[in-house]
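One structure is given here, and the rest of the page talks about it.
The values are calculated or read from the model by the stated rules, or taken from the named source; none is laboratory data. What you are looking at is a predicted structure, and each value in this text was computed from that prediction instead of being measured. Note: ideal-geometry Cβ built from the backbone for every residue, glycine included; neighbour counts use all protein chains shown. Remember, those area values only see protein heavy atoms, side chains included, never the ligands or the DNA or RNA. Shrake-Rupley method; radii C 1.70, N 1.55, O 1.52, S 1.80 Å.
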Amino acid sequence: MTDLTGKFFWYELMTSDPDGAIRFYGDVLGWTTKPFGDDLQGDAYHVISASAGQMGGIMAIPAELKDHGMRPWWGGYIGSADVDADAKRLTDAGGSVKRAPEDIPGVGRFAVMSDPGGAIFMLLKGFSPEGMEAAPPMANGHVGWHELYSGDFDKDLAFYTSQFGWGKGQAMDMGEMGSYQLFSMSGATEFNEMSGGMMARPKEVPVPLWLFYFVVPDIDEAVERVKAGGGAVLNGPEEVPGGAWIIQGSDPQGAMFALVGMRNG
């Protein structure tokens, strides 16, 4: 059983059209989904499975959040050994609680947090002693890279490394865009162990956020499926160190996502 404490392990899409999102991502990423249960509005929570097993969920934006202007959005859950204690510890370290710890019946205890720069993430501890197994690196349909568009680069970097034990890798000079700091959620510092990167929020991105890169076997074929399904490619394809290619995009409902894969043509 993989220890997921301090690591992103579950990814959740809140959307205005769950059925449309399921069709779109099923075509682009090959996901299968099945209903888990009903939320307070009676809409099913759809559990996502990719090539190596379950990895997230899709649900309708709850009415109370929609009333406050929430738009479709991908969020990530970080494993916690004690949600209440972690919420306090992270607040003391400069983060903030956006939704106080509470139970999800039959699932676990969670809280909604933000880092010092304002990017949102969730904490989760499952009720069951049985944990999930982490997917192999770059497994198709799973998250292969995590990218933070930071609202306060120095404070956010210190926050995640000190509070979650993430390792700092190479800092890449991006010219006018500043530094791109590689990190490892396992605490490693070697390049091949990196989990993602952090950078100051570009002006094109309206708010600080976490962006998740889903793995595809062929980036060009995936781009065509994104376009055919009504999504948009916002940037790319662009080659990155190691020979992979990436895009950033938005789905038909407007949620931002990213893809990473090889170019086989």
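The table for this structure:
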| read-out | value |
| --- | --- |
| FRET efficiency, residue 250 to residue 221 (Cβ-Cβ, R0 25 Å, nearest 0.05) | 0.85 |
| Accessible area of segment 154-243 divided out per residue, in Å², using a probe of 1.4 angstrom | 51 Å² |
| Distance (nanometres) between label positions extended 7 Å along Cα→Cβ at residue 205 and residue 176 | 1.8 nm |
| Calculated FRET value between residue 52 and residue 263, using beta carbons and R₀ = 25 Å, to 0.05 | 0.65 |
| Positive-pole candidate from 126, 241, 177, dipole of segment 125-265, charges at beta carbon | 126 |
| Amide hydrogen neighbours beyond the local backbone of residue 200, cut-off 5 Å, H modeled | 150, 179 |
| Radius of gyration and Dmax over the Cα atoms of segment 216-263, both given in Å | 10.1, 32 |
| Cα-based convex hull volume of segment 126-187 per residue, rounded to whole Å³ | 142 Å³ |
| Label-point separation in nm, residue 81 to residue 155, each point 7 Å along Cα→Cβ | 2.8 nm |
| Debye equation applied to the C-alpha atoms of segment 48-108, log10 I(q)/I(0) at 0.24, 0.27 Å⁻¹ | -1.22, -1.22 |
| Segment 15-125, Cα convex hull volume normalised per residue, Å³ | 121 Å³ |
| Dipole magnitude of segment 126-242, debye to nearest 20 (Cβ charges: Lys/Arg +1, Asp/Glu -1, about Cα centre) | 340 debye |
| Fraction of beta bridges assigned by DSSP in segment 5-145 that are antiparallel (%, nearest 5) | 75 percent |
| Length added when fully stretched, residue 43-residue 138, from 0.36 nm per residue minus Cα-Cα | 31.0 nm |
| Residue-normalised accessible area of segment 1-143, given per residue in Å² at a 1.4 Å probe | 49 Å² |
| Hull shadow area, averaged, segment 50-189 [alpha-carbon convex hull, nm²] | 10.0 nm² |
| At q = 0.11, 0.15, 0.21 Å⁻¹, base-10 log of I(q)/I(0) for segment 106-265 (Debye sum, equal scatterers on each alpha carbon) | -0.49, -0.92, -1.54 |
| Distance violations [Cα-Cα > 25 Å] among 88/203; 98/125; 125/203 | 88/203; 125/203 |
